[in-house]
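The values are calculated or read from the model by the stated rules, or taken from the named source; none is laboratory data. This is a predicted model, so every value here is computed, not measured. In this analysis, Cβ positions are derived from the backbone assuming ideal geometry, glycine residues included, and neighbour counts consider all displayed protein chains. We work out accessible area using only protein heavy atoms, side chains counted, and drop any ligands, DNA or RNA first. Shrake-Rupley method; radii C 1.70, N 1.55, O 1.52, S 1.80 Å.
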Amino acid sequence: LIIDSINEHFGDDASFEDAAVVPGLFVAFCVNLDLISDTLRESSGRDFLRLKYREITGPEFLIRSCGGELLENHLTSEGCKFAKQYYVDYVSRLKETVETPDAKWETYDRIAPWLTGCYFEGRTKKPNAFSKSRWWKFWN
């Protein structure tokens with residue numbers, strides 16, 4: 001299933017690269033947190049490392065390695081769960097944070113802390129029921 005595609009972001013004056021910004025920044029985040037599938041990692045070849053080292057941008061990676069679409073099978077199961085829970089909010093937040101989002105790493109650096117907070121918020125473990133109980137008083 002398609003999570004997002006550059007086709008969804010073409011406007012009257014949007015270029016191909018501009019249309020890739022929203023899903024591309026998200027895929028860059030997923031690459032940086034190892035939320036992409038082994039299949040995509042292997043098929044992307046050097047572009048995976050080039051993205052990690054910021055030699056290319058997320059939108060460039062999306063176009064080159066994902067064919068302009070972010071699909072569920074591009075992500076790990078954890079990545080899919082994260083995308084399903086936060087992608088719509090991410091798109092809104094990106095547009096609030098940056099008036100005109102672009103493919104520059106500065107834009108990524110502005111939205112990544114919010115995404116990171118969402119990611120780790122969803123991963124925080126709830127305290128174990130036994131942690132608050134006094135297990136040595138099991139007879140009470």
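Numbers at a glance
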item	result
Residue, nearest to ASP38 (Cα to Cα), within segment 68-101, restricted to residues that are assigned to a loop (DSSP other than H, G, I, E, B) and of a type outside the set (Ser, Thr, Tyr)	GLY68
Segment 99-115 residues that are hydrophobic (A, V, I, L, M, F, W, C), paired with ones that are in a loop (DSSP other than H, G, I, E, B) and surrounded by 14 or more Cβ atoms within 10 Å (Cβ to Cβ) (beta carbon under 6 Å, 6 or more apart)	ALA103/THR57
Residue, least open to solvent (accessible area, probe 1.4 Å), within segment 50-96, restricted to residues that are closer than 15 Å to THR116 by Cα and hydroxyl-bearing (Ser, Thr, Tyr)	TYR90
